[in-house]
Amino acid sequence: MSSQETLSQNIPLALVGLLIVFTVQLIIATAIYLVRQFDEKWRHQEKRRNAEVLDREPTIDALTVVLIAAAAATVLRGRHRIRSIRRLMPADHRRSPWTAQGRAVLQGSHVIGRKTDKRGGKR
């Protein structure tokens with residue numbers, strides 16, 4: 001077999017290989033482009049939702065916030081920061097005894113330990 005015959009047999013194989021490689025690269029580039037477009041759309045929607053949340057009127061009055069802060073200060077006995085306050089259930093929602101008992105058990109399991117001073121006594 002001469003080098004001319006080998007070259008003529010291998011050229012189509014090389015072209016098919018190049019075609020496969022570039023097709024796969026095109027598919028990968030398209031997938032990356034689509035993911036980027038979806039990500040930008042998602043970020044835009046999230047930014048819009050956050051702006052809407054900040055523009056809403058607060059649903060809790062100042063007296064309730066002060067009372068919650070006082071209760072937290074009484075329990076924690078020290079510096080604390082309230083990051084957010086949210087209602088667990090809508091105001092018009094009827095609670096069943098089943099959900100009330102479950103919530104009581106769940107909240108009872110979150111016990112906050114009292115801080116002690118250096119002498120070992122309670123503050």
Inset, instruction - Test ARG87 against the stated conditions and say whether it is within 27 Å of the chain's Cα centre (by Cα), loosely packed, with under 10 Cβ neighbours inside 10 Å and touching a residue at least 24 places away in the same chain (Cβ under 8 Å). - result: yes
Legend entry - Among (1) hydrophobic (A, V, I, L, M, F, W, C); (2) assigned to a helix (DSSP H, G or I); (3) closer than 30 Å to GLN107 by Cβ - the single one ILE82 does not satisfy: (2)
Legend entry - Selected residue (criterion: surrounded by the fewest Cβ atoms within 10 Å (Cβ to Cβ)) from residues of the range 23-64 that are at pLDDT 85 or above and within 28 Å of ARG87 (Cβ to Cβ): LEU63
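The values are calculated or read from the model by the stated rules, or taken from the named source; none is laboratory data. Every value quoted in this text rests on a predicted model; they were computed, and no experiment measured them. As a convention, Cβ positions derive from the backbone with ideal geometry for all residues, glycine included, and neighbour counts pool all protein chains shown.
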